[in-house]
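Trainee: Sharing a structure, written as structure tokens. Questions coming.
What follows is calculated from the coordinates using simple rules that are stated; it is not laboratory data. In this text the structure is predicted, and so the values were computed from the model without any measurement. Heads up, the Cβs are rebuilt from the backbone with ideal geometry, glycines too, and the neighbour counts pull from every protein chain shown.
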Amino acid sequence: MSAAVLAPHALGLPRQSVHWSDRVGHGLLLAVSLLLVVFLLAPLLMILVQSAEDKEGAFVGLANFAAYLQTPALARSLWNSVWVSLVVTLVAIPAAFVFAYALTRSCMPAKGVFRTLTLIPLLAPTLLAAISFIYWFGNQGVLKQWMLALGIQSIYGAPGIIVSEIFSVFPHALMILVTALSLSDARLYEAADALGTSAVRKFFTITLPGAKYGLISASLVTFALVITDFGIPKVIGGNFNVLSTDVFKLVIGQQDFQRGAVVGLFLLAPALLTFAVDFFVQGRQTAQLSARAVPYAPRRAPLFDWLMTGYCLVVVLLMLAVLGMAVFASFVKLWPYNLSFTLKHYVFGLVDAEVGTAFVNSLTLAAACAIGGTLLAFVGAYLLEKTRGFDWLRSGVRLLAMLPMAVPGLVLGLGYIFFFNHPDNPLHLLYHTMTILVLCTIVHFYTTGHLTAVTALKALDNDFEAVSASLKVPFFKTFWRVTLPICTPALVDISRYFFINAMTTISAVVFLYSPDTKLAAIAILNLDEAGEIGAAAAMAILIAATSTLVCLAYLALGWLVDLRTQAWRRPALN
Amino acid sequence: MAAAEPSPAFLDLTGIHKQFGKFEALKNIHLSIRRGELVCFLGPSGCGKTTLLRIIAGLEMQSGGSIVQSGRDISTLPPALRDYGIVFQSYALFPNLSVSSNIAYGLVNRRTAKAVVAARVKELLQLVGLPDSGPKYPNQLSGGQQQRVALARALATSPGLLLLDEPLSALDALERVRLRGEIRSLQQKLGVTTVMVTHDQEEALTMADRIVVMNQGAIEQVGTALEIYREPASPFVADFVGKVNVLDAVVEGGGRLRVGTCVFQCADPAQAGAIGSGTRIYLRPEDILSRGVIDGEPNSAMGRITRIEFLGAVCLARVALEGMEAQPVTVYFSLNDIREAGIAEGSRLGFKVLADRIRVFPVAAQAG
């Protein structure tokens, strides 16, 4: 034995030999990282490179930034973007907070209905709101007089952008705030009651501090969503320039990649900041609530409950008014002169303007993302969370998986142009194909899919893999027999998320489509530009209707999946 | 490595060392486990016992040292190439598979015929006392039942080594006592070499053939339950296992130790140390008696009871022995003693200390 006893430190650290099944895992992990590097990191780095080069490709440092800030028109766009986003945040957050408060802290009836109706804005491209507000307040708007009475001269510009953005960011802010407000500990309120605390004091000493991180998070997300949105300012912005429309004009209109890159980085900054703060805040929020917390259950308070119901009713009616106007306008002959029923906008849009093919493209894209994105996000998350080895790679891949949340679609699309349109890139042949649209969209929405998968996987016992190894069952068998069946509900969620977002996205793909791969949401933009607002409304409604149907289909699918794979969750019948 | 004299050890750990960054989780662990015995790793949380178990399982990689199981060097083998079954505190049963499928999980992969697998599953269900639970899902069973299934799953492939990582900690008190008896008799019936990690000394004392007491990444003592309890090798062991009175004393020579003005004679003078040096006496409460004390006999003193704590069949009394009131001791009384002798708080009576039970550790040994 003595010869076998070697000084352990003299030899460096011993390493465990790798089982062949673990090598499979390592290979897959490498593949996922490679995908993220090529389709996320490299394009983003290209923006940085472009922003520091002149037209001939020579390094010029910060000269492009200096030139940008000295161009008054462009600097004004920067300011416009900032103040409009601030106003939207300041209005949308309190409005969403009260709504979230009603959903979580009152005994308001029909909460499910209210909650579902607030999801309407997610079903269609953001520009649907802009189109609808043009019908309400535009040059021939129904309520134009009301608007003038308020002293607003025209809906085109900041006012239109602000109201449309409030409509479209509302569900995003609401979701975060509802989560923040439901993470409350009833025992705190009971303790306060025992001490005879007034309702107002309870609100300011328990509720508000408890939701503080949710409020910060929701505000940042709202700000970032508004400042990077492209569809709304394009449709209703008029001559009011913002960063996102500037990027498009610079890159597509003037082919000025360098200045486009600079504006892109300005767009990336607030989003990156949001991401960093949010990351920090999320950790705090979960740490705040102990496992023993008792969930808060609201008690009846007639006056408060009715007030809350009234408020939510107003909000939901406003939302329905936005959607309803678009629906109505899409079915009338000539707004506002001839309001008789017609399908001509649909026919014109689908047939004459060839949105039909674009629509098929959109469905193809959405289906490909729903399948490919789900597969990639789930397998990626599984490899990260549940397999062993390659530790040096893991934190990098984790960061890459989180990064898309911080990257506005416009910036990602910009990076794709710079990277894949580069003549020296062997992947150049992907440019203008459906494949690149699919990959770009998957990457764009990757983080939410990834996080959903991680959450589902974290709920599983960490020792499954260790037990499998001890029983000499390779990890992929356990993945197939145990992990996947348990996580099917999460898979359905992830897949729906990818589908709906792929149907409605504009920002990233607007840089990447070719005449053959034009998407429905982009076709709407083109219809609007051509002055065919009726057809644009019709097509937007078509997308919203498709999304709704798909959601219902997913609901049915979720129910079926539950029935088939989740029997073990139910207690014994005997 | 000649086979001339086969080692009686089934599992040999030599110089196991584990470093997490700057933290030394395990320091130079040497341990030999015999075939068929049940060994408990006992220690407070953070002592490295679970890390050591995970290193044996290959779930953690040691920074140095070697592991030989059944004559085979497994130091660098991945878990799948080692030979063990493992049971975790969390059960780690696959929730979407029936109890039978869980138990058969490792068998199916070995391309065993279906009928053979079914027979083996039936046999194991019998063995763990759950003959009718095969078609149920894990969440339809109680915690103790789930842990029995986990045990059956680990034993299904007849591994040479069974690893139990705090298998009883998630169970309620009654179930824990019942299951620890079952695990022990099952282990003895099958004769499977078993390593169990626990922080519960009662579990270790009742189940183990040998106990490995660990503290701060090192082994403090290896021995049977009685050895650990009666002859603790270090102050830590004396303190961690069972209750103990710790008294500051001065060595007087001839095996005499002075506490306050009381003088105790210990049976083994070699233990005591240099005359005049400070030392510590470790004395279990049950080694201080109050029955049959003859006035003036060695190692005896009068004492006053300052407090009585009722625990059920026994009571804990705080006693201030005359001459060492600054260091009161804890003594056990049975409930009957208290009633028959009319003992109450404030009572004064004679006590004696069993000389052969006095353990002495010099103050220097306390460090680390």
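Trainee: Report the calculated FRET efficiency for A:V82 and A:V277 (r = Cβ-Cβ distance, R0 = 22 Å), to the nearest 0.05.
Mentor: Efficiency for this residue pair is about 0.85.
Trainee: If the cut-off is a Cα-Cα distance under 28 Å, which lysines reach A:K55, setting aside same-chain residues fewer than 8 apart in sequence?
Mentor: A:K234, A:K249
Trainee: As a check on your grasp of the helix formula, calculate [θ] at 222 nm for the protein assembly as shown: sum -39500 (n - 2.57) over DSSP H runs of n ≥ 4, divide by the residue count, round to the nearest 500.
Mentor: Values: 35 runs with 472 residues, N = 942.
Computed mean residue ellipticity for the protein assembly as shown: -16000 deg cm²/dmol.
Trainee: Then there's this: Could you calculate the contour length gain from A:A73 to A:L393, that is, 0.36 nm times the residue separation minus the distance between their Cα atoms, to one decimal place in nm? Intermediate results must be reported in sequence, preceding the final value.
Mentor: Details: separation 320, 0.36 × 320 = 115.20 nm, distance 4.44 nm.
Fully extending the segment from A:A73 to A:L393 adds 110.8 nm.
Trainee: Right, something else. Place the peptides A:501-513, B:59-71 in order of packing, highest mean first, counting for every residue the other Cβ atoms within 10 Å and averaging per peptide.
Mentor: Taking the mean over residues of other Cβ atoms within 10 Å, the ranking is A:501-513, B:59-71.
Trainee: Pull up the cross-link candidates among the aspartates and glutamates for A:K202, meaning alpha carbon to alpha carbon under 19 Å and not fewer than 8 places away within one chain.
Mentor: Partners within reach: A:D185, A:E190, A:D193, A:D305.
Trainee: Still on this model: Please report the relative contact order for chain B, taking Cα pairs under 8 Å with a sequence separation of at least 6, and give it as a percent rounded to a whole number.
Mentor: Once divided by the residue count of chain B, the mean separation gives 15 percent.
Trainee: Sticking with this one: Over the range A:8-87, what is the relative contact order in percent, taking alpha-carbon pairs closer than 8 angstrom and at least six residues apart?
Mentor: On the way: 20 pairs, mean separation 8.8, N = 80.
Relative CO of the range A:8-87 lands at 11 percent.
Trainee: If packing is taken as the average number of other Cβ atoms within 10 Å across a peptide's residues, how do A:514-527, A:401-414 rank, most packed first?
Mentor: My ranking of the peptides, most packed first, is A:401-414, A:514-527.
Trainee: Tell me whether the range A:26-94 comes out rounded, prolate or oblate; compute the Cα gyration tensor, take square roots of the eigenvalues as a ≥ b ≥ c, and use a/c under 1.5 as the rounded threshold. Could you put the intermediate results ahead of the total?
Mentor: On the way: a/c = 5.35, a/b = 1.28, b/c = 4.18.
Verdict is oblate for the range A:26-94.
Trainee: With respect to the cross-link table entries A:K458/B:K114; A:K472/B:K136; B:K22/B:K49; A:K472/B:K18, which display a Cα-Cα separation exceeding 22 Å? Walk me through the intermediate numbers first.
Mentor: Details: A:K458/B:K114 33 Å; A:K472/B:K136 24 Å; B:K22/B:K49 18 Å; A:K472/B:K18 25 Å.
Among A:K458/B:K114; A:K472/B:K136; B:K22/B:K49; A:K472/B:K18, the Cα-Cα distance tops 22 Å for A:K458/B:K114; A:K472/B:K136; A:K472/B:K18.
Trainee: Can you compute the FRET efficiency between A:A186 and A:N462 using 1/(1 + (r/R0)^6), with r the Cβ-Cβ distance and R0 = 30 Å? Round to the nearest 0.05.
Mentor: For A:A186 and A:N462, the calculated efficiency is 0.50.
Trainee: Rg and Dmax of the range A:388-443, using alpha carbons, in Å: what are they?
Mentor: So, for the range A:388-443, Rg and Dmax equal 13.8, 39 Å respectively.
Trainee: Could you check the spin-label model distance between A:T548 and A:F204? Points 7 Å from the Cα along Cα→Cβ, value in nm.
Mentor: Those two pseudo-labels are separated by 4.4 nm.
Trainee: Modelling each spin label as a point 7 Å along the Cα-to-Cβ direction, I'd like the B:K114/B:E325 distance in nm, to one decimal.
Mentor: 8.4 nm
Trainee: Using a 7 Å offset from the Cα along the Cα-to-Cβ direction at both A:L557 and A:L148, what is the distance between the two label points in nm, to one decimal?
Mentor: 5.0 nm
Trainee: What are the residues whose amide H is under 5 Å from the amide H of B:S75, where those residues sit 5 or more places off or on another chain and H is modelled from the backbone?
Mentor: Amide H neighbours of B:S75, under 5 Å, 5+ apart: B:I67.
Trainee: I would also like to ask the following. In debye, nearest 20: dipole of chain B around its Cα centre with unit charges on the Cβ of K, R (+) and D, E (-)?
Mentor: 1160 debye
Trainee: Taking the dipole about the Cα centre of chain A, with the C-beta of Lys and Arg at +1 and of Asp and Glu at -1, give me whichever of A:A406, A:V332, A:S219 is farthest to the positive side.
Mentor: A:S219
Trainee: Follow-up. If you take each beta carbon of peptide B:81-91 and count the beta carbons of other chains within 10 angstrom, what is the mean?
Mentor: Mean inter-chain Cβ contacts per residue within 10 Å come to 3.
Trainee: What does the charge count near B:P167 come to, summing +1 for each Lys or Arg and -1 for each Asp or Glu among other residues with Cβ under 15 Å from its Cβ? Numbers along the way, then the final one.
Mentor: Working: positive: B:K49, B:R54, B:R148, B:R153, B:R176, B:R178, B:R180, B:R184; negative: A:D461, A:D463, B:D165, B:E166, B:D172, B:E175, B:E182, B:D200, B:E202, B:E203.
Counting the neighbours of B:P167, the net charge comes to -2.
Trainee: Go through B:168-176, B:79-87 and give me the packing order, highest mean Cβ count within 10 Å leading.
Mentor: Descending packing order for the listed peptides: B:79-87, B:168-176.
Trainee: Kirkwood hydrodynamic radius for the range A:157-261: how many Å is it when counted over pairs of different Cα atoms?
Mentor: Working: mean 1/r = 0.0600 Å⁻¹.
After inverting the mean inverse Cα-Cα distance, the result is 16.7 Å.
Trainee: To continue, here is another question. So which DSSP H runs in chain A come out at 20 Å plus along the axis (Cα) with average Kyte-Doolittle of at least -0.5?
Mentor: Helices meeting the span and hydropathy rule in chain A are A:20-36, A:72-105, A:158-182, A:212-228, A:257-288, A:302-330, A:355-386, A:391-406, A:484-504, A:533-565.
Trainee: To the nearest 20 debye, what is the magnitude of the charge dipole of the protein assembly as shown about its Cα centre, counting +1 on the Cβ of each Lys and Arg and -1 on the Cβ of each Asp and Glu?
Mentor: The dipole magnitude comes to about 1320 debye.
Trainee: What are the membrane-span-like helices in chain B by this rule: whole DSSP H runs, Cα extent along the axis at least 15 Å, mean Kyte-Doolittle hydropathy at least 0.0?
Mentor: Helices meeting the span and hydropathy rule in chain B are B:114-127.
Trainee: Rounded to whole Å, give me the distance from the Cα center of the range B:20-40 to that of the range A:211-248.
Mentor: 59 Å
Trainee: Can you compute the charge dipole magnitude of the range B:215-338 about its Cα centre, using +1 on each Lys and Arg Cβ and -1 on each Asp and Glu Cβ, nothing else charged? Give it in debye, rounded to the nearest 20.
Mentor: Roughly 200 debye for the range B:215-338.
Trainee: Which value results when the Cα radius of gyration for the protein assembly as shown is divided by 2.2 N^0.38 Å?
Mentor: After normalising by residue count via 2.2 N^0.38 Å, the value is 1.23.
Trainee: For a test of the definition: using alpha carbon positions, the gyration tensor, and the 1.5 limit on a/c, classify the range B:47-191 as rounded, prolate or oblate.
Mentor: Oblate shape, in that a/c is at least 1.5 and b/c is the bigger or equal ratio.
Trainee: So what's the gap between the Cα centers of the range A:411-441 and the range A:508-552, to the nearest angstrom?
Mentor: 21 Å
Trainee: Could you tell me which of rounded, prolate or oblate describes chain B, using a ≥ b ≥ c as the square roots of the eigenvalues of the alpha-carbon gyration tensor, with rounded for a/c under 1.5 and, failing that, prolate when a/b is larger than b/c and oblate otherwise? Don't skip to the end; give the middle numbers.
Mentor: On the way: a/c = 3.01, a/b = 1.79, b/c = 1.68.
Prolate.
Trainee: Quick one: what does P(r) look like for the range B:219-262 with 10 Å bins over all Cα pairs, in whole %?
Mentor: P(r) for the range B:219-262, in whole percents per bin: 25, 37, 32, 6.
Trainee: Non-local amide H neighbours of B:M302 (under 5 Å, H modeled in plane, Pro and chain starts lacking H): which ones?
Mentor: When sequence neighbours closer than 5 places are left aside, the close amide H contacts are B:E322, B:F351.
Trainee: Right, another one. Considering amide H positions built from the backbone, and no H for Pro or chain starts, which residues 5 or more places from B:T193, or on another chain, come under 5 Å of its amide H?
Mentor: B:G36, B:L162
Trainee: Hey, what do the phi angles of the range A:197-211 turn into as Karplus ³J(HN,Hα) couplings, whole Hz, using 6.51/-1.76/1.60 and θ = phi - 60°, x for Gly and Pro?
Mentor: With coefficients 6.51, -1.76 and 1.60, one gets 7, 6, 4, 4, 5, 4, 4, 7, 9, 10, 4, 5, x, x, 9 Hz.
Trainee: Moving to a separate point now. Using a 10 Å cut-off around each Cβ of peptide B:13-25, what is the average number of partner chain Cβ atoms that fall inside?
Mentor: 1
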